[in-house]
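Working notes for the structure below.
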Amino acid sequence: MSATTQSPTASESRIPSKAARLLGDRRLPVGVTALLFLVMYGVGLGRYQFYGFAEPQVFLNLFIDNGYLLVAAVGVTFVILSGGIDLSVGSMIGFTTMFTAWLVERQGLPIVIVIPMALAVGAFGGFLMGYVIHNFEIQPFIVTLAGLFLFRGLCLVISKESISIGDASVSSMAQAQVSLGVGFVSIGAIVSLVVLAVAFYVLHYTRFGRRVYAIGGNEQSAMLMGLPQGGTKIAVYTVSGFCSALAGLLFTLYIQSGDPLHATGMELDAIAAVVIGGTLLTGGSGYVVGTLFGVLVLGLIKSIIQFEGTLSSWWTKIATGVLLCAFILVQRFMTTRKKT
């Protein structure tokens, strides 16, 4: 009796191919993060419905309280997409708060003059780090780590004590609200969403954005294609420095003071938001919209812990660490599947 081998039917052969395409879809991590946010928000609605969690303002507060982090994370998204890393973000934010407070309170300069000065300093700092990384071929981790210490040290050079800002124009900007009918948002929230929209357009509809993805995906291939690697890398870190300075200005409006210890470790929060948002740490894959959901997830964790009332704020760090490990494992699984 001869054994016959049955070939799989067309419908059976399509099942694994569909699964493979789904696992290889670059949009999958963003979808997972968005789904995670919706599930967490649904849990909050069910658990704290009698404590005001269902109020629209609670959702809007996620943008108000995390606008500065979203701007910083957008800048980090550019860097990570290009295959780099930026550890100077938190120190740049802290330096910007000190620089702004010192110029406004100690030197008497109006905030409208201080804002472009602070943004210029941040962009120039990012430019210098990008220049050193490219021209001296030093690892971004080392260069930006040096930037971390440099800008944190400059904070202490300005002042070892906190500088409160009592300027009327700064206070009016900080307290300004834009009504949306169901609630309100701050200027910082609006600025962060504008930055997000601009970043989305630049990354997906400009040559510069395509170069960022190409260099992060395969630097050697990008070089063979004749893409300007040096200029793109320097520009990416300049964008990150600019976004960090802008985040520092928004953080200054949020707390209305400058302090040498402000934003300590915030670079890790920004990187975590980017990774949780689905951007590969190796570069070349990810979406800035995912970064938005990553920031919202981190902000929602804080809100849930506050509504719970019995948990320490350190649970925010624990939850962030768990999510970060989980998404890194997902990224590892996806990249392994692509290779096979």
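The values are calculated or read from the model by the stated rules, or taken from the named source; none is laboratory data. Predicted model only: the values in this text are computed from it and were never measured. Using ideal geometry, Cβ is built from the backbone for each residue, glycine included, and neighbour counts are taken over all protein chains shown. Note: accessible area is taken over every heavy atom of the protein model, side chains too, but ligands, DNA and RNA are not part of it. Shrake-Rupley method; radii C 1.70, N 1.55, O 1.52, S 1.80 Å.
Here are a few things to note about the model shown:
- Matching residues in segment 122-179 - criterion: being open to solvent by 50 Å² or more (accessible area, probe 1.4 Å), of a type in the set (V, I, T) and under 19 Å from H262 (Cα atoms): V157
- Breaking point among (1) modelled with pLDDT of 80 or more; (2) closer than 28 Å to I85 by Cβ; (3) out of contact with any Asp or Glu (no Cβ under 9 Å at 6 or more places or on another chain), for A72: (3)
- Single residue of segment 305-334 satisfying the filter (over 21 Å from the mean Cα position of the chain (by Cα) and surrounded by 15 or more Cβ atoms within 10 Å (Cβ to Cβ)) that is farthest from T279 (Cα to Cα): F307
- Cross-chain or 6+ apart pairs with Cβ under 6 Å, segment 194-214 first and touching a residue at least 12 places away in the same chain (Cβ under 8 Å) and closer than 17 Å to T238 by Cα, then open to solvent by less than 80 Å² (accessible area, probe 1.4 Å) and not in a helix (DSSP H, G or I): R211/L227; V212/S82; Y213/G284
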